[in-house]
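The values are calculated or read from the model by the stated rules, or taken from the named source; none is laboratory data. Owing to the predicted nature of the structure, the values given are computational and were not obtained by experimental measurement. Cβ: placed from backbone, ideal geometry, glycine included. Neighbour counts: every protein chain shown.
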Amino acid sequence: MHAFWKSFIPVLVLLAGHLQAQITQRTRLAYGDTPPPSIPSPASSSTEYSSSNDTKIETSPLLRTPDVKKMKIGFDWQAAANQSFFGLAIQHGIRMSQRKTRTELDGPFFEDYRNAVSGLDGWGDTDSVFTNYVAHPFQGAVTGFIQIQNDPHGIRQEFGRHGVYWRSRTKAMAWAALYSTQFELGPVSEASIGNVGRKRGTMGFVDLVMTPVGGMGLIVAEDALDKKWIQGLESHTPGLNRRRVYRMVFNPQRTLANLLRFKKPWHRDTRSIDWQPDPSTPTPAGVS
C-alpha cells in the first residue's frame with residue numbers, strides 16, 4: 001500500500017470517531033437521557049406569520065414540538081466546520097489517489113502554492129463539461145446542506161415562496177461559496193495540494209461560480225421534490241424501505257450531507273420515516 005494511505009486512513013478513522021463523539025454529546029445536551037420527541041405528520045403543519053413583517057410562512061411540525069426550545073438558538077459553527085472538514089478530507093483523499101496530484105507534491109510548498117493561486121485567470125479550465133457544470137454544483141449542494149442542517153432556523157424550512165425560506169437558502173449558497181473558494185484557492189486546496197493553476201489555463205472562475213450558484217439550484221430542486229413529490233409518494237407507501245429509497249434517490253445531495261453528520265442517509269428533520277398522512281390532505285399533482 002502506498003505510504004500516503006498508511007498515514008491518511010488512520011486520520012480519517014480518528015476524525016470519524018471525533019465527529020461521532022461530538023454528535024453524541026450534542027444529542028445528550030439537547031435531550032438529556034430521553035430520546036428526541038417524535039415528529040408528527042407533515043400534513044399537520046400550520047401557517048404562521050413572522051412578527052417582523054407579517055410575512056406568511058409555512059412551518060414544519062418541528063416548530064411545535066415541546067422540546068424545540070432545547071435546540072441551539074444560533075448557527076452551530078463547530079458542527080458545520082467539522083462536517084465541512086470531513087467532506088474536504090474525503091475529497092482530497094480521492095485526489096491523492098490520482099497520479100497527477102501526487103506528482104506535483106515535490107518542490108517548495110509556498111512558492112508552488114503562490115504560483116498556483118496566481119494562475120487563476122479567465123472562465124474555463126481543463127476539466128470536462130460534466131466536472132464543471134454537474135459535479136461542482138453537486139459539491140455546492142452538499143456543502144449548502146451542511147449549512148442548512150446546522151442552522152436551527154433553516155433546518156425547519158420547507159420549499160415555498162416565503163422570504164424566510166429563500167433567505168435560508170441564500171445563506172446556504174454563501175456557505176457553499178466559502179467552501180468552494182477554500183477548496184480551489186485556500187490553504188488546504190487544489191492549489192496547495194497538487195498545485196492546480198501553476199500550469200496556466202488549468203484554473204478558471206467557472207468552479208468558483210458554478211459550485212455555489214449551481215449548488216443552490218440543486219438545493220431548491222431537492223427541497224421542491226421533497227415537499228411536492230416525495231411526501232406524496234410516502235403518503236401512499238406504507239413500506240419503510242421504499243420510503244427510504246425514495247428519499248435517497250430523489251434527494252442525493254441531502255443524503256450525502258446527512259452522512260457527513262453521521263445521520264441515516266434518509267433522515268429528515270421535519271418528519272420521521274414512519275409518519276402517517278392525514279386522510280384529509282389532498283394528493284400532490286402527479287402522484288397516484
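Conditions (1) loosely packed, with under 14 Cβ neighbours inside 10 Å; (2) not aromatic (Phe, Trp, Tyr), marked per residue:
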position: ILE73; (1), (2): yes, yes
position: GLN78; (1), (2): yes, yes
position: PHE109; (1), (2): yes, no
position: GLY122; (1), (2): yes, yes
position: VAL129; (1), (2): yes, yes
position: ASN132; (1), (2): no, yes
position: ALA135; (1), (2): no, yes
position: PHE138; (1), (2): no, no
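In segment 163-187, what residues are surrounded by 16 or more Cβ atoms within 10 Å (Cβ to Cβ) and of a type in the set (Val, Ile, Thr)?
Listed by number, the list holds a single entry, VAL164.
For segment 224-242, give me each residue that is touching a helix residue (DSSP H, G or I) at 6+ places or on another chain (Cβ under 9 Å), surrounded by fewer than 20 Cβ atoms within 10 Å (Cβ to Cβ) and either assigned to a helix (DSSP H, G or I) or at pLDDT 95 or above (or both).
LEU225, LYS227, TRP229, LEU233, ARG242
Take segment 96-126 and flag every residue that is touching a residue at least 60 places away in the same chain (Cβ under 8 Å) and either in contact with a Cys (Cβ under 7 Å, 6 or more places away or on another chain) or acidic (Asp, Glu) (or both).
GLU104, ASP112, ASP121, ASP125
Kindly list, by first and then second residue, each pair from a residue in segment 237-248 that is farther than 10 Å from TRP266 by Cα to a residue that is basic (Lys, Arg) and assigned to a helix (DSSP H, G or I), limited to pairs with Cβ atoms under 8 Å and residues at least 6 apart or on different chains.
Taking only residues 6 or more apart or on different chains, the pairs are THR237/ARG243.
Could you count how many residues in segment 172-190 are part of a helix (DSSP H, G or I) and farther than 15 Å from ALA81 by Cα?
Keep residues of segment 172-190 that are part of a helix (DSSP H, G or I), which gives 172-185.
Subset that is farther than 15 Å from ALA81 by Cα: 173, 184-185.
Here the count works out to 3.
Please find, within segment 98-150, the residue that is farthest from ASN195 (Cα to Cα) out of those that are in a helix (DSSP H, G or I) and among the aromatic types (Phe, Trp, Tyr).
Of all residues in segment 98-150, those in a helix (DSSP H, G or I) come to 99-102, 109-117, 129-149.
Of the ones still in play, those that are also among the aromatic types (Phe, Trp, Tyr) are 109-110, 113, 130, 133, 138, 145.
Values: PHE109: 9, PHE110: 10, TYR113: 6, PHE130: 22, TYR133: 22, PHE138: 23, PHE145: 28 Å.
Of everything passing the filter in segment 98-150, PHE145 is farthest from ASN195 (Cα to Cα).
Can you tell me which residue is farthest from ARG261 (Cα to Cα) among those in segment 139-172 that are touching a strand residue (DSSP E or B) at 6+ places or on another chain (Cβ under 9 Å) and among the small types (Gly, Ala, Ser)?
GLY163
From GLY160, GLY93, grab the single residue that is surrounded by fewer than 20 Cβ atoms within 10 Å (Cβ to Cβ) and either free of Cβ contacts under 8 Å to residues at least 12 places away in the same chain or not in a helix (DSSP H, G or I) (or both). Write out each step before concluding.
Working: GLY93 fails: either free of Cβ contacts under 8 Å to residues at least 12 places away in the same chain or not in a helix (DSSP H, G or I) (or both).
It is GLY160.
Is it true that ASP207 is among the acidic types (Asp, Glu) and in contact with a Ser or Thr (Cβ under 7 Å, 6 or more places away or on another chain)?
yes
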